[in-house]
Amino acid sequence: MKKDQAVFIKDLSFAYNGPYVLAEVNLALEQGAFISVVGPNGGGKTTLFKLILGLVKPQKGELSVLGRDPGKARRLIGYVAQYSSFDEYFPVTALEVVLMGRLDSNLLGRYGKQDMRKAEKSLADVGLHNIANIPFSELSGGQRQRVLIARALVTEPKLLLLDEPTSNIDVSVERKFASVLEELHKKMTIIMATHDVGFVSHLVKSVICVNKTVVLHPTSKLTTRIIDDLYGKKMRIIQHDKLCETEG
Amino acid sequence: MIEFLYSLLPFKNPLINNAFIAGILSSVCFGIIGSFVVVKRISAIAGSMAHSSLGGIGFALFLHYNIAILWFTPLIGALISAVVSALIIGLVNLYASQREDTVIGAVWAIGMAIGLIFIFHTKKYKDAMSYLFGDILFISGENLLIIVMLDVIVIAVCLLFYNKFLAVSFDQEFAKLRGVRVEFFYILLLLLTALTIVLMATIVGILLVIALLTLPAAIAGLFSKKLWQMMLISAFLCLVFTVTGLLLSYAYDLPPGAAITLCAGGAYVLVLLLSQAKNKFFKSI
């Protein structure tokens, strides 16, 4: 276990109830890095995140997060899941959702004035200061996603895990989101799973390719061939052109 | 205390008075727990707990009439079996990875079967109807006291852990990542639901209680921005339906459980129709 590493994985294999989803994974990510995770659906991106969060345990190998056991590092991680199973009509406001990130600030889960201030600030950070009291169910897909990111930020994490955060966001919002990430990157390590690295290509230093195995590429060395190998077929080049031009 | 409440009510018959008091007192619990049941989508679990409580009721009647153990009342029997069902369903869901709806159905039917067997072998007493559909004759002063105690427990626990319950109901995985013991709160919520169901099952019966738990909350959900607003509105609606239903049953000689359920059901259908009509109207202009 190394203290200065955000994530350290050695010879890790994991299966749910069948064949290995991830096999023989070795990975070391420095703190302060901005890392993109790419790979086909079902390739194990979300599973890698769940391992880092300590929500599932590997059958083989070692794993430490921020120099700790994954379960113990959990409170230092801000996580935005790809799919969330909310009740569509759940009566809860955007601000209340963000406040859930402050649940562990005391034993009973009561929110103080400071928690309120931090929640309002996180909402402002993702450009949503004016919708604090709107019900979550009335927000657009992109707004909901940003509320969930604000909820992850209000936990004041050292490591931010984003699982396909842009899948519901349109291009104009994506640009705003990129500048939000740029600001956050000054303060924390960011690991983001995505199909489209393009919009943050100037920030991303390394790309992890996950498809049962995990391979780390500096962005400068990432070519279309690697991506083709990874996805097992020709990708539309438009989706990755920015990435491939980028000098890391 | 109870004499004071009696003096506020217009009825001479203490049994009818008890029914009104029980309805008014339980409404608060029903508003709170009903809202959780609706947003967490566990009404099938609640239904299963309600129906399977016949097992405990049957056992209590058997003890009462055959062995003359009088302290073990049907209310206590119902409480115990609802709590046992809650634990079985909750623990199986959390740890055994079985199909949830199968487990719910099994507990539902097994509980009722146990109840039927006990009632069948209970001397002199062969009628399960009044437990299935409720009977205000069951509400003694003693039972009112139990209702008050359960009321206090449910309200205190829910107020104390409101934020945690809200987070667990909204997004269990995230709550877990924030260090909330989600398994504990899930089981606790099921237990509180079990207690609440038994409170009202004495009046409206174990078959109809689920309507009174979910319909006021479902209506309230249409008008609420926050969960606590949903709870307040739903508690108020529950009170209105119970009182209206009891008045109708008193005036027109109807079974109270059915009258209360139809008040809630009628209001629910009406509100749904109105909100559909409103949507159509706004689309057309």
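The values are calculated or read from the model by the stated rules, or taken from the named source; none is laboratory data. Because the structure is a prediction, the values reported are computed rather than measured. Virtual Cβ from ideal backbone geometry, glycine too; neighbours counted across all protein chains shown.
Identify the single condition in (1) within 11 Å of chain B (Cβ to nearest Cβ); (2) more than 26 Å from A:PRO218 (Cα to Cα); (3) touching a strand residue (DSSP E or B) at 6+ places or on another chain (Cβ under 9 Å); (4) surrounded by fewer than 23 Cβ atoms within 10 Å (Cβ to Cβ) that A:ASP115 does not satisfy, given that it satisfies every other one.
Among (1) within 11 Å of chain B (Cβ to nearest Cβ); (2) more than 26 Å from A:PRO218 (Cα to Cα); (3) touching a strand residue (DSSP E or B) at 6+ places or on another chain (Cβ under 9 Å); (4) surrounded by fewer than 23 Cβ atoms within 10 Å (Cβ to Cβ), A:ASP115 violates only (3).
Every residue in region B:67-94 that is closer than 13 Å to B:LEU195 by Cβ and in contact (Cβ under 8 Å) with a residue 60 or more places away in the chain, please.
Scanning region B:67-94 gives B:LEU75, B:ALA78, B:LEU79, B:ALA82, B:VAL83, B:SER85, B:ALA86, B:LEU87.
If I ask for residues that are free of Cβ contacts under 8 Å to residues at least 12 places away in the same chain and surrounded by 19 or more Cβ atoms within 10 Å (Cβ to Cβ), which ones from region B:218-268 would you list?
Listed by number, the residues that qualify are B:SER224, B:SER249.
Out of the residues in region A:204-218 meeting the condition of being over 16 Å from the mean Cα position of the chain (by Cα) and of a type in the set (A, V, I, L, M, F, W, C), tell me which one is surrounded by the most Cβ atoms within 10 Å (Cβ to Cβ).
Within region A:204-218, the first condition is being over 16 Å from the mean Cα position of the chain (by Cα), and the residues that meet it are A:211-218.
Retained after the next criterion (residues that are of a type in the set (A, V, I, L, M, F, W, C)): A:214-216.
Values: A:VAL214: 22, A:VAL215: 16, A:LEU216: 13.
Looking at the filtered set, the residue picked out is A:VAL214.
Would you check which residues across region A:63-94 are more than 10 Å from every other protein chain (Cβ to nearest Cβ), touching a residue at least 24 places away in the same chain (Cβ under 8 Å) and in a helix (DSSP H, G or I) and list them?
A:ALA73, A:LEU76, A:ALA94
Give me a count of the residues in region A:49-98 that are closer than 20 Å to A:ASP125 by Cβ, of a type in the set (A, V, I, L, M) and under 19 Å from the mean Cα position of the chain (by Cα).
6
How about region B:171-194: which of its residues are more than 14 Å from chain A (Cβ to nearest Cβ) and buried (at least 24 other Cβ atoms within 10 Å of the Cβ)?
Once the filter is applied, which keeps residues that are more than 14 Å from chain A (Cβ to nearest Cβ) and buried (at least 24 other Cβ atoms within 10 Å of the Cβ), region B:171-194 yields B:LEU189, B:LEU190, B:THR193, B:ALA194.
Given the criteria away from chain B (no Cβ under 14 Å) and of a type in the set (Phe, Trp, Tyr), does A:PHE34 qualify?
For A:PHE34, the condition - away from chain B (no Cβ under 14 Å) and of a type in the set (Phe, Trp, Tyr) - is met.
Filter region A:147-175 down to the residues that are touching a Phe, Trp or Tyr at 6+ places or on another chain (Cβ under 9 Å), modelled with pLDDT of 85 or more and in a helix (DSSP H, G or I) and list them by number.
Listed by number, the residues that qualify are A:VAL147, A:LEU148, A:ILE149, A:ARG151, A:ALA152.
In region B:209-232, which residues are farther than 16 Å from B:SER26 by Cα and either aromatic (Phe, Trp, Tyr) or more than 13 Å from chain A (Cβ to nearest Cβ) (or both)?
B:PHE223, B:TRP228
So for region B:126-137 (the condition being more than 14 Å from chain A (Cβ to nearest Cβ) and farther than 24 Å from B:THR261 by Cα), does at least one residue qualify? Reasoning before the result, please.
First, the residues of region B:126-137 that are more than 14 Å from chain A (Cβ to nearest Cβ): B:126-137.
From the residues that got through so far, the ones that are farther than 24 Å from B:THR261 by Cα too are B:126.
The answer is yes; a qualifying residue exists.
Of the conditions (1) within 14 Å of chain A (Cβ to nearest Cβ); (2) in contact with a His (Cβ under 7 Å, 6 or more places away or on another chain), B:ILE206 clears all except one; give me its number.
Status for B:ILE206: all satisfied but (1).
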